[in-house]
1. Run the simple label-point estimate for residue 52 and residue 337 please: 7 Å along Cα→C-beta, distance reported in nm.
2. Does the range 284-363 come out rounded, prolate or oblate by the C-alpha gyration tensor, with a ≥ b ≥ c the root eigenvalues, rounded set by a/c under 1.5 and, if not, prolate when a/b is larger than b/c and oblate if not?
3. Give the average over all directions of the projected area of the C-alpha convex hull of the range 254-328, one decimal, in nm².
4. With a cut-off of 8 Å between alpha carbons and a minimum separation of six or more residues, what is the relative contact order of the range 114-207 in percent?
5. Quick check: the angle from helix 100-117's long axis to the longest principal axis of the chain, C-alpha only, nearest 10 degrees?
6. Rounded to the nearest Å, what's the spacing between the alpha carbon centres of the range 263-284 and the range 303-365? Just the number, please.
7. Regarding the range 210-302, what whole-number volume in Å³ per residue does the convex hull of its Cα atoms give?
8. Would you mind telling me which residue in 100, 135, 313 has the biggest mean-square fluctuation in a Gaussian network model of the chain, where springs connect alpha carbons within a distance under 10 angstrom?
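Coordinate-derived values only; no laboratory data. A quick note: this is a predicted structure, and the numbers were derived from the prediction, not measured. Don't worry about glycine lacking a Cβ; one is built from the backbone with ideal geometry, like all the others, and counts go over all protein chains shown.
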């Protein structure tokens, strides 16, 4: 049996750690790992290339370099990309926050902002806008980012001998509250934590447009040079170019009870582009992958197939350094204990893909 993994990135990016790029300590050592290291001594062949065409009828894919590969079993795990909902100026002037490259670019931009604006003897309008940071979207990614950014930006101001009071971080959300998908108790805890950190919450506010001077909401304009977009994502654009499939919301592909595209046997979909319950979460993508691997193995061995069942999700959402809130069913834990548990969750995941000694070295340095 031959297993081929095609990726346009030679690294695996661990995106739950991206918020570390906007912390005083800097990014975690495990924010990305070489695929060749993860699959060392395995039967997986790695091809670094970009898939530009997918023919499900023949189970073949074509890459940017002109390579065409055929398969007996095809698994699509294309992931997601930012969705801007047609908001004027947003795609051209905001900072997305989904990849390591996004996080690196944003960190460099913020450091440049402080180099530029924290040397002036007089506070200008340009300086006020420069030190005003706006995060749009109060989902898990947004609240985590806003918390870290507040602490990071104020620490930079202190280093420059600049008044912290001139630094402002706004978190804009179209829904009435932060984390609209979570329980009221979690929303309350996170709201209190954000206020304690000094984040300005602007809920029930729709973003209308953005330009070089700032953003326009339904009831106000805000001057800023930094808008970070975390409020929307959609499936990889390649899904829109695949013939004879049914797309649901967010470019997600309809699948049957075996995560298989109904019209194309042995073509499977996992992760963010699969139209399943809890799609869009990393834990769901992992669950999808494990299930499809088992299904393919059972097909090869002509064993019985068990229908896919969604796995209940648990949340552990950071809000600033050393604090998070965790919900498993009706159990809610917040504060430092939940933050420690988040570290354990990270370690547990890496133990599933790397040797024990490697993981201990990563986390104990």
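1. 5.5 nm
2. Oblate shape, in that a/c is at least 1.5 and b/c is the bigger or equal ratio.
3. Directional mean of the projected Cα hull area for the range 254-328 stands at 6.0 nm².
4. 31 percent
5. Computed tilt is about 10 degrees.
6. Distance between centres, Cα-based: 21 Å.
7. It is 135 Å³ per residue.
8. 313
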